[in-house]
Protein chains: 4
Amino acid sequence: MGRQVCDAVEAADGMEVVARIDVGDDPKAAVEAGAQVAVDFTTPDSALGNIEFCVGNGIHAVVGTSGFGPDKIARVERALAASAGVGVLIAPNFSLGAVLMMKFAAQASAYFESVEIIELHHPNKLDAPSGTALRTAQLIAESRAAAGVGPSPDATAEDGDHHRGGKVEDVTIHSVRLRGLIAHQEVLLGGVGETLTIRHDSLDRASFMPGVVLGVREVAGHPGLTVGLEHFLSL
Amino acid sequence: MGRQVCDAVEAADGMEVVARIDVGDDPKAAVEAGAQVAVDFTTPDSALGNIEFCVGNGIHAVVGTSGFGPDKIARVERALAASAGVGVLIAPNFSLGAVLMMKFAAQASAYFESVEIIELHHPNKLDAPSGTALRTAQLIAESRAAAGVGPSPDATAEDGDHHRGGKVEDVTIHSVRLRGLIAHQEVLLGGVGETLTIRHDSLDRASFMPGVVLGVREVAGHPGLTVGLEHFLSL
Amino acid sequence: MGRQVCDAVEAADGMEVVARIDVGDDPKAAVEAGAQVAVDFTTPDSALGNIEFCVGNGIHAVVGTSGFGPDKIARVERALAASAGVGVLIAPNFSLGAVLMMKFAAQASAYFESVEIIELHHPNKLDAPSGTALRTAQLIAESRAAAGVGPSPDATAEDGDHHRGGKVEDVTIHSVRLRGLIAHQEVLLGGVGETLTIRHDSLDRASFMPGVVLGVREVAGHPGLTVGLEHFLSL
Amino acid sequence: MGRQVCDAVEAADGMEVVARIDVGDDPKAAVEAGAQVAVDFTTPDSALGNIEFCVGNGIHAVVGTSGFGPDKIARVERALAASAGVGVLIAPNFSLGAVLMMKFAAQASAYFESVEIIELHHPNKLDAPSGTALRTAQLIAESRAAAGVGPSPDATAEDGDHHRGGKVEDVTIHSVRLRGLIAHQEVLLGGVGETLTIRHDSLDRASFMPGVVLGVREVAGHPGLTVGLEHFLSL
């Protein structure tokens, strides 16, 4: 992942990689090299220290993690409070397609009577529903609650056995596991006489790179903490 | 339904409606009118008597019902044994799209490691999974058993709550209920590096008419009992 | 259409139909009945006079037409300038699904290297590409131009014959015509390693009603002229 | 490709790789190693000589090529005439998904009023439509001609500019080129009130391996020449 990020940044207009820091390396190398933005794709544990170090040295940070709870977020905000003008982006997902799918699905779900999610993955995946599906369902549930939309209608009286999938609030998720698939998700929205379907197909981690480059480009212009790449998009 | 069938038969090349018999009418009208083929879309209960009457009078019959168990089938066969050359078609589904989807899915499932079904209907439907999905899954399970194909791979270790859907043998069915939908089904088949998807969208009962007309055209050429429209197709 | 609109408004919370005015009827009936909002689904020609009459009498107007050129728009604005606080919504499309598809597609297209449109309709349609597809492509082209995104990559060196479809700026549209379809559109967006697909299926004009009701509910809160239902959505 | 084939054969039940012959190697190594079946994924030019050598030595052959014209086919048949009991399979496509898609599409197209093809590929592809789409359209055109089905209905009177795609007989092909895609095809079939869609997604050449293994397993049981993997499937 680190190598892909470096290649993507090198290839982007107006950017240059000035330091490559592996786990165990001294992060001071970033300061000495004059880095303006740091990209961190390590682990939730080491990321926090890295962010505090960067912010303390006036380096903006782009961090890929979904594992930051309220405590870690509070520590990042404390560090930022002491360093005016520094920006930190923490994003659980750098795929522009996934981020837009979630954003659009949540927005649209306020205007449709029904919504369900189908997520489809390779059969070696251990968890169902997928993290992305759970997050999408959560965002949809919040959007519908805010708009005062009730649960999707469902007259089912006779139902079959348990199978793969789940529910977040009133949002049903179906989990397909099929050899030949990689990572895919469809959000189906329906009203009288029409349906709207938003589908994301992810075939390769290379799909994260445009999002990382966008984060690097925008983070200096967004001082303070931003959680979620969608806030850097002009939507 | 009766009216739509009469219109479709009238509109078909080389066919003519000679009698229209409602529930309670005397079926002798068909004999008197010189009918060669009778179409019956009544109920499982009245259909049996109608078939026996038609077969006894040398009239071929095309019957739309999914409610004939072994006893009724045996009585139809007994009637046919006494009337050489007469043909009876009993079909649970006259939609060519649905019949082909089921046939193709069963055939293909012998050649793929994974298979799952997604059926999608309007939210007023009472039962889940749909009858068509259960029948498709049954046909797939039989095809895979005959070919010695094991269950679809599935590493799921952590799964969510119960939600709509079911299983037939090892075949998972997901049941989507969404305002704006009518009746739809997708069969997903997957092997290493590829997937094959067979989808049927049914928007209108008018879709049954080409199948009924095909049944009327072919039944005289298939003496004895045929169960399932797929046997009249050149596949 | 008029009848469907009246039924939808009657069924909506907090709304009441106070007058039904057919072509040729005197629009003064609306004033006498104390109408607060008028809904006009007539023709581009009669709509203009109706709007001017309503605005002059302090009645907000919701108008369904795609046929208003700059001259008619200017006349509506002149009428509104003389009636402070009155709102007029002119929308070419009241389907929330279609409006959201176009909005989302235009927004997302600024972030993806490639975009193409597939529109699919019944085979009795006279024009290709559809008006919705042309409008979508126009919005996408504007969004990409504003974001500085170049044309979708395309190495095609050897191509087949002409067939149904078209192009708006650099945006390719494929037009499928197929018995059994009604009105459908897919916008495909692609970047390295991922695709995002936004699909709208329209099965029934009843799908316009939630959009009309939304327009009626919101128009008084948006004084002046609004073109396009998307401006009344919280996106 | 050669390495992938060897790995797949080694991994298959009851099969063993006894010789690996590269371009320029002496094919006698196959005879000496006691090979029962040879797999050839070379070029149309060298494949012919390899087949003649194998057949002459009583070795069955599985050949992956789409480049054999009538002359080469005739030479293969001449070689086989002199070696009773030897089987040769020549297949342009070893993807079971692609083979089944083409077969099912051709069969189904005899029963639907309308048919169109959408093929979707990465934007570096030079030719449009794809070879698979042209072959599918040809098979559909033949199936419809044999069944006496006329051209798909199309009322288009006003059409846009030329864009990517083509036509085979009356079968329209739309060619989508989009970053993020690999190789995909959808065949859409439609009748009154229903549509049937058959879609193949190919993500990896590894998808050819089950078809190659099937060919190796079945070729000895099919003496003489077989063109097309579909003839080894139980459909």
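Read the figures in this text as sums done on the coordinates, not as results from a lab. What you see is a predicted model, and the numbers here were worked out from it, not measured in a lab. Cβ placement follows ideal geometry from the backbone for every residue including glycine, while neighbour counts extend to all protein chains displayed.
Here are a few things to note about the model shown:
- The GluC sites (Glu not before Pro) of segment D:1-68 that DSSP puts in a loop, and whose beta carbon has at most 12 other beta carbons within 10 Å, are D:Glu16.
- Net dipole in debye of segment B:85-193 [+1 Lys, Arg Cβ; -1 Asp, Glu Cβ; about Cα centre; nearest 20]: 540
- Dividing the radius of gyration of the alpha carbons in the protein assembly as shown by their Kirkwood radius gives 1.00 for Rg/Rh.
- Approximate spin-label separation B:Ile73-A:Phe41, in nm, with each point projected 7 Å along Cα-to-Cβ: 5.7
- Mean separation of Cα contacts under 8 Å, 6 or more apart, over the residue count of chain A: relative contact order %: 25
- DSSP beta bridge pairing in the protein assembly as shown, given as percent antiparallel to the nearest 5: 55
- Neighbours of D:Phe41, meaning other residues whose beta-carbon lies under 11 angstrom from its beta-carbon, give a summed charge of +1 when Lys and Arg score +1 and Asp and Glu score -1.
- For chain B, a Gaussian network of Cα nodes joined below 10 Å ranks B:Glu194, B:Glu77, B:Glu116 by mean-square fluctuation, and the top entry is B:Glu194.
- By the beta-carbon count within 10 Å of each Cβ, the least crowded to most crowded order of A:Ile21, A:Ile118, fewest first, is A:Ile21, A:Ile118.
- Per-peptide average of other Cβ atoms within 10 Å, ordering B:142-148, B:59-65, D:216-222 highest first: B:59-65, D:216-222, B:142-148
- Considering only alpha-carbon pairs that sit under 8 angstrom and 6 or more positions apart, the relative contact order computed for segment B:128-173 is 58 percent.
- Each residue of segment A:180-191 was assigned a 3J(HN,Hα) from its phi angle through the Karplus curve 6.51 cos²θ - 1.76 cosθ + 1.60 (θ = phi - 60°); the sequence is x, 8, 10, 8, 9, 8, 10, 10, 9, 10, x, x Hz, with glycine and proline shown as x.
- Cα shape, chain C, gyration tensor, a/c 1.5 rule: prolate
- Positive minus negative residues near C:Ile118 (Lys, Arg vs Asp, Glu; Cβ under 10 Å): -3
- Cβ-placed point charges (K, R +1; D, E -1), dipole of chain A about Cα centre in debye, nearest 20: 240
- Look at where the Cα atoms of segment B:1-24 and of segment B:203-230 average out, and the two centres are 14 Å apart.
- Given charges at Cβ of Lys, Arg, Asp, Glu: chain D dipole, positive-most of D:Ala137, D:Val62, D:His200: D:Val62
- Counted over segment A:96-203, the DSSP beta bridges are approximately 80% antiparallel.
- Nearest residue to the symmetry axis between C and B, taken on chain C by its Cβ, in whole Å: C:Leu203, 3
- Over 25 Å (Cα to Cα) - which of C:Lys167/D:Lys125; A:Lys103/C:Lys72; D:Lys72/D:Lys167; D:Lys28/D:Lys72; C:Lys103/C:Lys167; C:Lys167/D:Lys167 fall in this group: A:Lys103/C:Lys72; D:Lys72/D:Lys167
- D:Ala79 sits among other residues whose Cβ lies under 12 Å from its own Cβ, and their net charge, with Lys and Arg +1 and Asp and Glu -1, is +1.
- Summarising the strand pairing of chain A, around 55 percent of its internal DSSP beta bridges are antiparallel.
- Test item: D:169-176 mean partner chain Cβ contacts at 10 Å: 5
- Reduced Cα scattering model of segment C:30-72, Debye log10 I(q)/I(0), q = 0.21 Å⁻¹: -0.63
- When the P(r) of segment C:96-203 is calculated, the portion above 18 Å amounts to 47% of the C-alpha pairs.
- Helical content alone sets the calculated 222 nm signal of chain D at -11000 deg cm²/dmol, taking -39,500 (n - 2.57) per DSSP H segment of four or more residues and averaging over every residue.
- Using alpha carbons only, the radius of gyration of segment B:1-120 set against its Kirkwood radius gives Rg/Rh = 1.05.
- Spatial separation of Cα centroids for segment D:172-197 and segment B:31-83, in angstrom: 41
- Across segment B:36-65, the residues whose backbone nitrogen lies under 14 Å from the label position 7 Å along the beta-carbon direction of B:Ala82 are B:49-59.
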